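Here's the structure, in structure tokens; my notes come after.
Read-outs throughout are calculated quantities, based only on the coordinates presented, and are distinct from any laboratory measurement. Since this is a predicted model, take the numbers as computed values, not measurements. As a convention, Cβ positions derive from the backbone with ideal geometry for all residues, glycine included, and neighbour counts pool all protein chains shown.
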Amino acid sequence: MGLNMVQKIVKAHLAEGRMTPGETIGIRIDQTLTQDATGTMAWLHFSAIGLPRVRTELSVSYVDHNTLQAGGPENAGDHLFLQSAAAKYGAFFSKAGGGICHQLHIERFAVPGKTLLGSDSHTPTAGGIGMLAIGAGGMDVALAMAGEPFYLRMPKVVRVELKGRLKPFVSAKDVILELLSRLSVKGGVGKAFEYGGPGVKTLTVPERATICNMGAELGATTSIFPADGETYRFLKAQGRERDFRPLSADPDADYDEVIELDLSGIEPLVARPHSPDNVKTVRELSGLKVHQVAIGSCTNSSFRDLITVARIFQETGARVHPDISAAISPGSRQVLMLLADMGLYQVLVSAGFRFLECACGPCIGMGFSPPAGGISVRTFNRNFLGRSGTKDAEVYLVSPETAAATAIRGELTDPRELGVAPIEVSMPERFPIDDSMILAPAVDPDEVELHMAPHINYVGHKDPLPKELSGEVLIKVGDNITTDHILPGGARILPLRSNIPAIAEYTFSVIDPAFAKRAKEKGGGFIVGGENYGQGSSREHAAIAPMYLGVKAVIVKSFARIHHANLVNFGILPLTFVNPEDYERIEQGDALRLLVRELSPGGILTLVNETKGEEVPVRVELDARGVELVRAGGILPYVREKQGGR
């Protein structure tokens, strides 16, 4: 039996375990990426491990999330720390304004057939170029930089068989929205999506990257496309043809599941508030009055996306509707320079667009927030409640084509209604390349001093696990709770990312502003939740802040992959209800007690609800390694001992 693409790369990098779905494996990591919102902690973790240099083939530290250096010194101080850490420890450093990490990494660093671990849930974007790219918490990335394997459960591999060709004004964003409408935000948990079939050849690398990017919204471990002639042309245009390696599945490769998708049958789609899987056709919602249009993010800020938007405005001769506030965030300076070289930057400026920095920006509530109660149409990947920076705003996710049509009409509009001739975007023979904002590591790292700003307050682990856990249920939440619910982003909170006591004050503030105060008054306790707890961003602050506030265990119906790993890394015990209906038997404020001296992988413990005089069986969601980590109080003390024993 032949191998699929995921199996080929895993096999070539397998350090521990067997390639059996559901079994824990350890894989060697070739490249890592970090960004400033999560990477600050990753580099603090790496510094705490105590190694002089990274042990990967390549590591890159990007500044792209919190580029607003306003209202206090924290952002600029963290950026100086990141720059000094990269120089000292052997990583490249991408300065603020250079571009979004995922777009830049595909342009300048991604290599087919290699492994990439990133402290961002959208790291699988690089699957569009044939990389096995996986998002993780900052601690896992720090360990990969230290040469440790990355541990995960071997995913099931789903082949998505693409046939046909996308019709005019239907794009890759609509492809992934179609999959989300079929499978939901939980449909990819424990799975890797591998794209194949004749339809693959009709998609450019940026289009493939868009689909892989939003595979994260399916809950997938990763997504990947073949590395073929289209991949080679992209790398050659980047001056990186030497990095090309062909990658495809064997003809007799086996899959755990197969999904057939006819590209010609897809039409423009839109995800309604407040979930990426709340999908309808644009035609069904046509006419919805809109206040704001935002084009960009790591999902849709490539040259293909922005040239398409510019040409729609060029062909129609239209301007942005008077009632619309419209902005564009290019994915990189390369994209911005290409627009300028083609005369399309002037087209968009003249049409009434604001150009924002080459950064994540509005996607994480970092500027350009909608008005109160406003409706914002965005080419982004997430529309969770409050993520835009405006709690009561309604965010709709669409393709660049739909966003352009909506900006012209002032209401949600199917781009096919504009009457524009089909637009085709050809890849340039050579991209404009300027790597001046990407800094190489220091030649003499011993001369580099880490810039530790006064506000940096590092917390890396908790005390070892006691024999018994007891406390109150501090909060009870429902299904699909995101890391944005647990620890929000935005311009007020993200500057505190390296100050754990300060950022912990915002834990669950979107749902219950009194949570942090209650947790401290009660001396910590338990969190109870529903299905898919911790979906969304990889931000490990959603585990570190609860750890700091004394959270001892999280008891839910099921976990999202990255958040579960983050909880384990910081010593918080992850438990699931053996009987999901027992979720209804526990309420906020109930006093719980749990004996954990017999903690074992996948074992059953008895949770005593002392308030109600009841017992509830719960399952230990840990493998053997996870048990060791939680017992130690987190992975940092475990690894320090391991590193010291070498």
Measuring from the longest principal axis of the C-alpha atoms of the chain, the long axis of helix 303-316 (C-alpha) lies at a number of degrees, nearest 10, equal to 40 degrees
For the range 175-225, the percent of all C-alpha pairs falling in each 5 Å bin, from 0 up to the bin holding the max distance, is 5, 23, 33, 25, 12, 3
Quick note on Met41, Met131, ordering by fewest other C-beta atoms within 10 Å, gives Met41, Met131
Between Gln588 and Ala12, Cβ-based FRET efficiency (R0 45 Å, step 0.05) works out to 0.40
With no solvent term and unit scatterers on the alpha-carbon positions of the range 535-584, Debye gives log₁₀ I(q)/I(0) at q = 0.15, 0.22, 0.25 Å⁻¹ of -0.39, -0.77, -0.93
Over 20 Å (Cα to Cα) among Lys467/Lys552; Lys173/Lys201; Lys114/Lys186 -> Lys114/Lys186
When Lys522, Lys173 are ranked with the fewest other C-beta atoms within 10 Å first, the list becomes Lys522, Lys173
Within the range 372-436, DSSP-loop GluC sites (Glu not before Pro) with at most 14 other C-beta atoms within 10 Å are Glu424, Glu429
Counting only backbone N atoms under 19 Å from a point 7 Å out along Cα-to-Cβ of Met342, the residues of the range 152-180 in range are 166-174
Residue separation between Arg182 and Glu417 times 0.36 nm, minus their alpha-carbon distance, gives in nm 82.0 nm
Kirkwood radius from Cα pairs of the range 558-646 plugged into Stokes-Einstein at 4 °C, 1.567 mPa s, gives D in µm²/s equal to 91 µm²/s
Taking alpha-carbon centroids only, the range 68-112 lies from the range 514-567 a number of Å equal to 28 Å
Sorted largest first, the Cα spans of the range 463-521 on the principal axes come out in Å as 40, 28, 20
If the chain between Arg625 and Met1 were fully extended at 0.36 nm per residue, the gain over the current Cα-Cα distance would be 221.5 nm
The range 189-322, convex hull of Cα, quarter of hull surface, nm² -> 11.0 nm²
The rounded separation in angstrom of the Cα centers of the range 582-639 and the range 232-311 is 41 Å
Quick calc, Thr611 & Lys517: beta-carbon distance into FRET formula, R0 25 Å, rounding 0.05, result 0.75
Two pseudo-spin positions, 7 Å from Cα along C-beta at Asp463 and at Lys201, lie apart in nanometres by 6.5 nm
Here the residues of the range 590-612 lying in the modelled label zone of Asn579, meaning backbone nitrogen under 17 Å from a point 7 Å along Cα-to-Cβ, are 604-610, 612
In nanometres, the difference between 0.36 nm per residue of separation and the alpha-carbon distance of Lys280 and Glu257 is 5.8 nm
In whole µm²/s, the translational diffusion coefficient that Stokes-Einstein assigns to the range 1-147, given a Kirkwood hydrodynamic radius over C-alpha pairs, 37 °C and 0.692 mPa s, equals 210 µm²/s
Rounded to 0.05, the calculated FRET efficiency for the beta carbons of Leu51 and Ala76 at R₀ = 22 Å is 0.25
Here P(r) for the chain, Cα-Cα distances in 10 Å bins, as whole percents, is 3, 17, 28, 28, 17, 6, 1, 0
Distribution output for the range 282-380: share of Cα-Cα pairs per 10 Å bin in percent, first bin at 0, values 16, 48, 31, 4
